[in-house]
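The numbers here are math on the coordinates, done by the rules we state, and not lab data. Just so we're clear, the structure is a prediction, and the values are computed from it rather than from any experiment. When we count neighbours, we look across all protein chains shown, and the Cβ atoms used for this are built from the backbone with ideal geometry, even at glycine.
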Amino acid sequence: AAASVVDEDTTMKPAKDAEKSKSKRRPWGKSTWRNRKKPPSKTSKEEIAMPSDQQSISQKTAPSTTTTNHSDRPNQITGTKHFHCYLLRSLHPDHPLKSYIGFCTYPPRRLRQHNGILKNGGAHRTKRSGRPWTFVTIIHGFNDKITALQFEWAWQNVHKSKSFREAVGCDKLAKKMRKRLGLKARLEELRILLRECLPFCLYSLVVYFPEEKYRDVFCRLVLEARERKRNEKVEEDRVDILDEGDGDGDSPHSDNDEEFLANCVKVCPVDEMPFAKDELEIKEKKKTARKNQRLAKNKAKKIGKVGSCGANERESDNSLCDSEIGGRKASIDESPRRILIGDSTENNQ
């Protein structure tokens, strides 16, 4: 009987322990941060009483408190941002054909980032190999950031751009052009984007070249494309051209090309470009504003120090005056006591 009791106790203990362990275990997923209940939003009694339609109308009509008016800030200098696309060329002797296409708002700073002079910034492709880099061309005149980024993407992905493939007329040719290396290939793609691809050919873009040799290469490509198109037209319509006469040798497209080369293709150093001058002016204005702020702070500190010194002097003068007045009062109070004491002594005598 004792043995049976012991056996019953031993069999009951593990069952109780299992029940305890099950009760101690937390159910899976209840205490995780995803399933935690969010605190109820603080809503006023008026919002609870209002129907949903009126609440939506009140939210639309109510003024937003998060917006900040930057025009009220003092010494706030705002300037128009310029958006550019650019082409870089590697000056490293081991990578003579390496190039890079990018987007920026201030080209001189961006070039320093690519060359590693500035730590923050610079594309990963330019960090791996190819340093130092130099500008081949800078395209200026984009109205906003989106159009500039679209142009950059189309230039980087010629084989994917629909407008470029339509301008070329063949997908295989676009893929072959993408595989080519060197500056001449990149400038040929730039010519097609600026002269034949929609909507980029409708924009009033200006192409800046820091060196004249790159401009000569680009102009040669434009003139060669003009002659090629002219020859194609001659082969297609020989009879029409003979009837019209050979005197009108230049097509209307050739006049447009000449205007484009004269007005929209310029040679200018990077630091002397108009957008660079604007950025320098804005920087100088910011520097002067910072100096004025520092001078104002220093003046305020000096005035505060002078005011504190004056207050301390006044407090010391007031304490001295109080001490003098207290001494005089004590002397006045003591004098009649002496007289009274003298009178009392005389009376006693």
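Entry note, region 120-199: relative contact order of 24 percent, from Cα contacts under 8 Å with a spacing of 6+ residues.
Taking 22 Å as R0, compute the FRET efficiency from the Cβ-Cβ separation of Thr288 and Thr80 and round it to 0.05. Please report the intermediate quantities before stating the final value.
Working: r = 19 Å, r/R0 = 0.87.
Efficiency for this residue pair is about 0.70.
Taking 0.36 nm per residue of separation and subtracting the current Cα-Cα distance, fully stretching the chain between Lys302 and Arg230 would add 18.1 nm.
Rounded, prolate or oblate: which fits region 133-234 when a ≥ b ≥ c are the square roots of the eigenvalues of the alpha-carbon gyration tensor, with rounded for a/c under 1.5 and prolate only if a/b beats b/c? Present the calculation step by step, with values, prior to reporting the outcome.
Working: a/c = 1.37, a/b = 1.11, b/c = 1.23.
The shape class here is rounded.
Which entries in the list Lys98/Lys175; Lys119/Lys266; Lys145/Lys175; Lys172/Lys266; Lys213/Lys286 go over 30 Å, if you measure between the two C-alpha atoms of each?
Correct reply: Lys119/Lys266; Lys172/Lys266; Lys213/Lys286.
Over the Cα atoms of region 190-241, what is the Rg over Rh ratio if Rh follows Kirkwood? Please list the in-between numbers first.
Numbers: Rg = 14.2 Å, Rh = 12.9 Å.
Across region 190-241, the Cα-based Rg/Rh ratio is 1.10.
From the square roots a ≥ b ≥ c of the eigenvalues of the alpha-carbon gyration tensor of region 85-158, which class results: rounded (a/c under 1.5), prolate (a/b over b/c), or oblate?
Details: a/c = 2.05, a/b = 1.48, b/c = 1.39.
Here region 85-158 falls in the prolate category.
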